1. How much area per residue is accessible in segment 75-162 when the probe is 1.4 Å and only protein heavy atoms are counted (Å²)?
2. How big is the accessible area of residue 284 in square angstrom, nearest 10, if you roll a 1.4 angstrom probe over the protein chains?
3. Please list, in order along segment 235-242, the HN-Hα scalar couplings obtained from phi with the Karplus expression 6.51 cos²θ - 1.76 cosθ + 1.60 (θ = phi - 60°), rounded to whole Hz, x for Gly and Pro.
4. When only C-alpha pairs under 8 Å and at least 6 residues apart count, what is the relative contact order of segment 217-342, in percent?
5. Apply the membrane-span-like helix rule to the chain: whole DSSP H runs, Cα extent along the own long axis of at least 18 Å, mean Kyte-Doolittle hydropathy at least 1.6. List the helices found.
6. Order the peptides 125-138, 358-371 from the highest to the lowest mean number of other Cβ atoms within 10 Å of their residues.
7. Accessible area of segment 1-115 with a 1.4 Å probe: how many percent of it is carbon plus sulfur?
8. So, taking all protein chains as they sit and a 1.4 Å probe, how much accessible area belongs to residue 68, in Å² rounded to tens?
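The values are calculated or read from the model by the stated rules, or taken from the named source; none is laboratory data. For clarity, every value in this text was computed on a predicted model and none was experimentally measured. Glycine gets a Cβ as well: all are built from the backbone with ideal geometry, and neighbour counts include every protein chain shown. In case anyone asks, the SASA skips ligands and DNA or RNA and just uses the protein heavy atoms, side chains included. Shrake-Rupley method; radii C 1.70, N 1.55, O 1.52, S 1.80 Å.
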Amino acid sequence: MIEQKINEFFGDAESTGFGTGWWSGILSAFFGFLSFGGVLCLHFPQLLSSPELRPHYPMHTMRVLIQCLIVGAILFGVISSILRKKKILALTGMLLAIAATALGGSSVQINETPHGGLAIGLDWFLLDLFLMALIYVPLERLWPQYPKQGTFRKEWTLDVVYFMSTHLPLQILSFLVLLPATQATKYLGVPVLQELIARMPWFLQFCLAVVVADIAEYFIHLALHKVPFLWRFHAVHHSSKALDWIAGSRSHFVDDTLVRGFILAPLMLGFSQSIILAYLIFVTLHATWTHCNFGPNAKWLEKFLVMPRYHHWHHTSQKEGIDKNFAIHFPWIDKIFGTYHYPDEWPERYGLDGEEIAHGFFGQTIEPFTKRTP
């Protein structure tokens, strides 16, 4: 219902092709939203910014970025308002940019020294949303596997809510994910192994970490499918009937916590923080890419690295693809354990196989705890 109202309010029956003012309107609203949020983070750094990220921000660059977003929102808003009859998107973007400017824009001074404590993590949400959209939306629009599937396809708002849910409460999620791994290292740490790995070249350490992480994720992923109680949570991730870059964000927090905990636990036994950080960046980019509505394929690479078509078969509701392709990075892991399925064509259907789950974020969050296992 909310998604329908949003589409009706901002959308219209006109063409959405290049040169119609649609995409300039989208960019205006998007940039306006990001700039307004960025200025709020400058005003309230203690509450809105993440303590883990504050020391690493190049503030001059961040201020320039905010200013560019403000200018971009106004510029694209003007273009859209000229080209398109319905001007809601353009006006929204320009109003947000004007509001950001009225609040001080990128020149807002931080008059206090933020310290640790409870924080919402709006900065991380805005930055990651900007970078992910910048990378993946053009890929999906220029080379889509399913051209009729638009950026704002059905249930896109639900996936945006899931994206927010894994970013805004950054400290809470970090605690839930890191706690199991941190506790494991106290009892299972092997100093000899840590020293041995540290002697390897950095790139070799990274490659080994990706292999270890993928094997660990294979088994927890398999358990999420095969154990009925765990499947209740993982079914949320598989409920998407259309895949794109943001569909991968649809995941129950219990699912996220288990997967990331099981991946981080073995990594923290023997790998340095720089290697773990590099892996977390890699898995974020790669996992997002494998969910993309992106058609081109590199045949020489697909034998060694999971490509979008490979992971799309994991999300199909077609019988031949169910409970296949559990590996996240390397197809050969599925070959070893007999769960490999990679035909030449793409799936025709996605989602759950005859199974219904609750609608909406709150229903899907609560239902796995109350649902009876058949």
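1. About 55 Å² of surface per residue is accessible.
2. 60
3. Per residue, the Karplus-derived 3J(HN,Hα) values read 4, 4, 5, 8, 7, 5, 8, 8 Hz.
4. Computed over segment 217-342, the figure is 23 percent.
5. Helices passing the filter in the chain: 59-83, 88-102.
6. Those peptides, ordered most packed to least, come out 125-138, 358-371.
7. C and S fraction of accessible area: 73 percent.
8. Only protein atoms counted, so the area is about 80 Å².
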